[in-house]
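Data block below; observations after.
Every read-out reported here was derived from the displayed coordinates using simple, explicitly stated rules and does not represent laboratory data. A quick note: this is a predicted structure, and the numbers were derived from the prediction, not measured. Virtual Cβ from ideal backbone geometry, glycine too; neighbours counted across all protein chains shown.
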Amino acid sequence: MGTVTIDQVRKAYGTLEVLHGVNVNIADGEFVVLVGPSGCGKSTLLRMIAGLEEITSGTISVGGRVVNDLRPKERDIAMVFQSYALYPHMTVAENMGFSLKLARADKAERQRRVAEAARILGLESLLDRRPGQLSGGQRQRVAMGRSIVRDPAVFLFDEPLSNLDAKLRVQMRSEIKALHQRLGTTTVYVTHDQIEAMTMADRIVVMHGGRVEQIGTPLDLYDRPANIFVATFIGSPAMNILEGRISGGRFIAADGSEVDLGGRGATERGHVLLGVRPEHLVPGPGGLPAQIITVEPTGSETHVTARLGGQDVVGAFRERITGRPGDVLSLRPHPAALHLFDADTGERLEA
Amino acid sequence: MRRLPTGLLFALPALIVLLALIAYPVVYTGILSVTDGSGAFTGTENFRDVLSARMTPRAFTNTLWWVGGSIIFQVILGTAAAILLNQEFPGRGIVRAIAVIPWVVPGIVAATTWAWMFHTEFGIINYMLTGPGLMDEPVGWLTNPDTVMPAMIAINVWKLFPFVAIMVLAGLQSIPKDLYEAARVDGASFWEETRYITLPQVRPVLIAVTLLLVIWALNHVTTIYAITKGGPANLTLITPIQIFRLGFESFQFNQAAALSVIFFVIAMVIVALYIRFLASSGEVAR
Ligand SMILES: Nc1ncnc2c1ncn2[C@@H]1O[C@H](COP(=O)(O)OP(=O)(O)OP(=O)(O)O)[C@@H](O)[C@H]1O
Ligand SMILES: [Mg+2]
């Protein structure tokens with residue numbers, strides 16, 4: 001059983017605490033992505049699950065068994081490193097079979113399992129090569145093969161795609177996802193790329209400064225971010241945030257422009273933040289005036305940066321915008337898709 | 001007319017000086033080896049004389065023992081020291097600094113010091129062995145036929161294992177940390193890490209260092225000459241010392257030159273074979 005339970009886990013290097021009590025429950029077979037900005041402690045948490053880093057306090061359990069004091073090999077996990085960490089002097093087959101060799105598995109068994117993993121990953125023709133003779137994508141696959149061969153309860157990935165070019169990254173992304181669907185092994189995957197997180201995860205754990213900000217399915221996080229950090233971190237281009245207050249069921253921006261909250265915001269509030277995703281700004285009559293600053297056509301969408309309510313906002317439009325910098329558009333935030341946050345705590349405000 | 005490449009032009013003065021410095025002694029030794037004291041050409045006479053001397057094969061076997069014994073222990077001890085010095089422990093910096101001392105001490109100083117330490121009556125080694133009763137009577141380290149060559153080898157190992165340690169340590173530090181982490185996740189113990197990760201990774205360093213050690217051991221004079229001069233009964237007489245004594249004690253410069261030529265050729269063959277088999281297979285393994 002590949003459940004992983006992370007309970008009140010803290011990590012300190014000397015007096016510097018980098019994880020401040022993290023709780024995550026991962027179900028068997030789940031694909032969980034840890035995402036967050038650089039330095040937020042994702043790798044540290046993953047390495048603590050792997051047993052490469054001491055757990056300062058709290059407990060981590062794998063398959064219902066507390067693993068705090070177990071060595072990596074006893075934890076029934078396999079890890080794919082960012083650098084792949086392939087053994088340079090061993091062939092692909094030796095790399096993949098190394099854990100079995102150490103476990104004194106007999107040779108026939110070893111060959112059978114390496115061949116099986118190679119077949120799954122399409123590495124059959126490369127088994128006699130050394131890592132130095134492989135491309136980045138092939139190395140990545142060998143690193144995964146090394147994990148598959150062990151048939152662990154949990155796969156751990158630390159930014160496995162960050163050394164690949166954009167195209168290969170997209171391809172490997174779906175390969176990893178397909179592999180997960182096929183093997184059904186619990187997976188904990190670290191990335192700082194929110195697109196990777198959104199596209200791959202069953203559930204996402206958003207981390208920030210050594211804390212968990214929110215845990216949920218990709219669309220949960222997108223539709224109902226728990227706080228301003230998650231709201232701006234998930235989604236690209238990032239959510240627009242307008243400062244203002246709520247009065248008479250309407251949001252009043254700093255410069256006095258008003259936004260209809262669509263029935264929400266019954267209580268008067270002095271200082272709030274209004275979040276609007278770029279695709280929820282609708283061009284059309286009756287909106288707020290927005291003076292165009294830049295227009296960036298991406299092909300499928302057009303991204304427009306404009307000055308609205310005294311602040312810069314970004315809009316993403318399916319239709320092509322012909323405006324030029326300096327022109328004024330009329331943009332109406334979609335009332336059903338607005339997010340309100342407390343300006344002091346950053347927490348989400350429900351209606 | 002083709003112009004000389006500019007690079008070569010700049011390097012030429014240095015090359016000429018270097019060539020003169022290397023070529024002159026080699027050529028002069030060659031000339032000495034086929035002439036007699038008055039400079040008359042004698043053909044292979046010097047070679048025949050020196051090869052028929054009883055001392056020569058004796059010195060040759062001694063040299064093999066000396067080189068083989070030194071290299072094996074220098075490499076093993078140096079590598080082990082490097083692996084230990086690469087572990088994290090308090091005071092590592094100081095221990096690393098202390099470990100290099102033998103290599104820094106001038107050879108002649110080391111030799112004299114060790115000669116005293118091995119001294120039968122006053123040496124600290126016998127004192128420490130007989131004091132607590134580990135041995136009943138003092139050992140004549142430098143006079144006993146069974147111990148004198150091992151004693152010389154021990155000094156040479158002591159002198160040069162720090163060099164191996166430093167070189168291997170540099171190699172160890174260039175091994176990416178995540179290889180060890182991957183190995184730990186794969187289930188490797190410390191010994192398995194050493195065997196499957198560390199040693200293969202420092203193999204190229206070991207090959208290069210061993211080559212240097214072989215060359216140095218083949219050319220070694222200081223330690224042995226300072227302590228035993230090749231004695232007792234020629235037990236520690238290695239070929240370089242035989243050459244040295246032939247030339248500078250017996251003033252048989254022509255025979256010394258002939259022996260030098262023979263020794264030079266043999267040494268070249270050994271080095272060439274070594275590079276051919278070990279170094280090149282190392283290349284393939286990369
Ligand atoms: N050995 C260490 N000693 C002291 N501090 C450390 C050590 N390793 C990591 N840290 C600190 O812990 C924090 C979290 O590091 P971690 O590597 O987990 O970040 P990350 O979220 O993986 O970032 P990235 O996306 O850049 O990989 C960082 O602030 C880092 O400086
Ligand atoms: Mg990281």
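Taking the Cα centre of chain B as the origin, how large is its charge dipole in debye, to the nearest 20, when only Lys and Arg (+1) and Asp and Glu (-1) carry charge on their Cβ atoms?
Working: 16 positive and 15 negative charges, 168 e Å.
Dipole magnitude for chain B comes out near 800 debye.
Could you please state, rounded to a whole Å, how far the C-alpha centre of the stretch A:277-299 is from the C-alpha centre of the stretch A:82-121?
54 Å
Whole-Å semi-axes of the protein assembly as shown's equivalent ellipsoid, largest first, each the root of 5 times a Cα gyration tensor eigenvalue?
Details: eigenvalues 1091, 183, 115 Å².
The three semi-axes for the protein assembly as shown are 74, 30, 24 Å.
Across peptide A:87-93, how many C-beta atoms of other chains are within 10 Å of each residue C-beta, on average? Please list the in-between numbers first.
Details: counts 8, 8, 8, 3, 0, 0, 0.
Whole-number average of other-chain Cβ neighbours for A:87-93 is 4.
In whole percent, what relative contact order does chain A give with Cα contacts below 8 Å and a gap of six or more residues?
Details: 740 pairs, mean separation 54.1, N = 351.
About 15 percent, as a whole number.
Sequence gap at least 6, Cα distance under 8 Å: using those rules, report the relative contact order of chain B to the nearest whole percent.
Details: 278 pairs, mean separation 82.9, N = 286.
RCO, chain B: 29 percent.
Report the Cα centroid-to-centroid distance between the stretch B:100-177 and the stretch A:318-346 in angstrom, as an integer.
With the stretch B:100-177 and the stretch A:318-346 each reduced to a Cα centre, they are spaced 81 Å.
Run lengths n ≥ 4 of DSSP H only: what is the helix-derived mean residue ellipticity at 222 nm for chain B, with -39500 (n - 2.57) per run over all residues, to the nearest 500? Present the calculation step by step, with values, prior to reporting the outcome.
Values: 15 runs with 201 residues, N = 286.
Computed mean residue ellipticity for chain B: -22500 deg cm²/dmol.
Where does each of A:297-304, A:154-161 land if you order them by average Cβ count within 10 Å, highest first?
On the way: A:297-304: 14.0, A:154-161: 23.9.
Highest-to-lowest ranking by the protection proxy: A:154-161, A:297-304.
Of the candidates B:15, B:246, B:206, which one comes out as most mobile in a Gaussian network treatment of chain B with C-alpha springs shorter than 10 Å?
B:15
Would you list which lysines come within 22 Å of residue B:159, measuring only between C-alpha atoms, while excluding same-chain residues fewer than 8 positions from it?
Here the lysines satisfying the reach criterion relative to residue B:159 are B:229.
Identify all lysines with a Cα-Cα distance to residue A:101 below 17 Å; exclude those on the same chain that are fewer than 8 residues away in sequence.
Hits, sequence-local ones excluded: A:73.
Mind giving me the nanometre distance, one decimal, between the label points for residue B:135 and residue B:61, set 7 Å out from Cα along Cα→Cβ?
2.4 nm
Calculate the dipole size of chain A relative to its Cα centre from +1 charges on Lys and Arg beta carbons and -1 charges on Asp and Glu beta carbons; express the result in debye to the nearest 20. Don't skip to the end; give the middle numbers.
Values: 40 positive and 41 negative charges, 260 e Å.
Computed charge dipole of chain A: roughly 1240 debye.
I want to verify a result. In a Gaussian network model of chain B, Cα cutoff 10 Å, which of these has the top mean-square fluctuation: B:258, B:217, B:233?
Most flexible of the set in this elastic network: B:233.
Starting from 0 in steps of 5 Å, tell me what percent of the Cα-Cα pairs of the stretch A:182-284 lands in each bin.
P(r) over the stretch A:182-284, rounded to whole percents: 2, 11, 19, 19, 17, 12, 10, 6, 3, 2, 1, 0.
Which percentage, to the nearest 5, of the DSSP beta bridges contained in chain A is antiparallel?
On the way: 61 of 79 bridges.
Counting DSSP beta bridges with both partners in chain A, the antiparallel share is about 75 percent.
Taking the Cα centre of the protein assembly as shown as the origin and placing charges on Cβ (Lys, Arg +1; Asp, Glu -1), which of A:72, A:230, A:82 is farthest toward the positive end of the dipole?
It is A:82.
Considering only B:81, B:42, B:14, whose Cα is most displaced toward the positive end of the charge dipole of the stretch B:1-160, charges sitting on Cβ of Lys, Arg (+1) and Asp, Glu (-1)?
B:14
Between residue A:311 and residue B:249, what is the label-to-label distance in nm when each label sits 7 Å out along the Cα-to-Cβ direction?
9.4 nm
Starting from the Cα of residue A:337, step 7 Å along the direction of its Cβ; do the same at residue A:23; then give the gap between the two resulting points in nm.
Each label point lies 7 Å from its Cα, and together they span 3.3 nm.
Mean Kyte-Doolittle of at least -0.5 and a Cα length of 20 Å or more along the axis: which whole DSSP H helices of chain B meet both?
Values: long enough: B:6-33 (39 Å, 2.06); B:55-85 (43 Å, 1.18); B:148-173 (38 Å, 1.72); B:199-218 (27 Å, 1.97); B:253-274 (31 Å, 2.19).
Flagged H segments are B:6-33, B:55-85, B:148-173, B:199-218, B:253-274.
Taking beta carbons within 10 Å but only from partner chains, what does the mean come to for residues B:184-194?
Numbers: counts 7, 19, 18, 11, 6, 3, 0, 0, 3, 0, 0.
Taking the mean over all residues of the peptide, I get 6.
Quick one: grab the alpha carbon gyration tensor of the stretch B:41-177, order the square roots of its eigenvalues as a ≥ b ≥ c, and give me rounded if a/c is under 1.5, else prolate or oblate depending on whether a/b is larger than b/c. Could you put the intermediate results ahead of the total?
Values: a/c = 2.72, a/b = 1.34, b/c = 2.02.
Oblate is the answer for the stretch B:41-177, as a/c is 1.5 or above yet b/c matches or exceeds a/b.
Name the shape class, rounded, prolate or oblate, that the alpha-carbon gyration tensor gives for chain B, where a ≥ b ≥ c are the square roots of its eigenvalues, rounded holds for a/c under 1.5, and otherwise prolate holds if a/b is larger than b/c and oblate otherwise. List each step's numbers first, then the result.
On the way: a/c = 2.25, a/b = 1.18, b/c = 1.91.
The shape class here is oblate.
When Cβ neighbours within 10 Å are restricted to other protein chains, what is their mean count per residue of peptide A:98-111? Intermediate results must be reported in sequence, preceding the final value.
Values: counts 8, 6, 2, 5, 7, 2, 0, 0, 0, 0, 0, 0, 0, 0.
That works out to 2 on average.
May I ask you to compute the full-extension gain from residue A:294 to residue A:129, defined as 0.36 nm times their residue separation minus their alpha-carbon distance, rounded to one decimal in nm?
Details: separation 165, 0.36 × 165 = 59.40 nm, distance 5.04 nm.
Length difference between fully extended and current span is 54.4 nm.
Placing +1 on the Cβ of each Lys and Arg and -1 on the Cβ of each Asp and Glu in chain B, which of B:26, B:63, B:188 has its Cα farthest towards the positive end of the resulting dipole?
After comparing all options, I get B:26.
Alpha carbon centre of the stretch A:205-223 versus the stretch A:175-199: separation in Å?
16 Å
According to the square roots a ≥ b ≥ c of the eigenvalues of the Cα gyration tensor, what is the shape class of the stretch A:4-229, taking rounded for a/c under 1.5, prolate for a/b larger than b/c otherwise, and oblate for the remainder? Write down the numbers at each step before the final one.
Values: a/c = 1.92, a/b = 1.45, b/c = 1.33.
Here the stretch A:4-229 falls in the prolate category.
Go ahead and estimate [θ] at 222 nm for chain A from helices alone: -39,500 (n - 2.57) per DSSP H run with n ≥ 4, summed, over the residue count, rounded to 500. Kindly include the intermediate steps, with their values, before the conclusion.
Details: 8 runs with 87 residues, N = 351.
Using -39500 (n - 2.57) per qualifying helix, the result is -7500 deg cm²/dmol.
Tell me, what is the FRET efficiency for residue A:236 and residue B:76 to the nearest 0.05, using R0 = 56 angstrom and their Cβ-Cβ distance as r?
On the way: r = 58 Å, r/R0 = 1.03.
Rounded to the nearest 0.05, the efficiency is 0.45.
What does the net charge come to around residue A:343 if you take all other residues with beta carbon closer than 15 Å to its beta carbon, with K and R at +1 and D and E at -1? Kindly include the intermediate steps, with their values, before the conclusion.
Details: positive: A:245, A:269, A:348; negative: A:243, A:268, A:342, A:344, A:347.
The answer is -2.
Can you tell which of A:166, A:178, A:337 shows the greatest fluctuation in a Gaussian network model of chain A with Cα springs below 10 Å?
In the Gaussian network model the winner is A:166.
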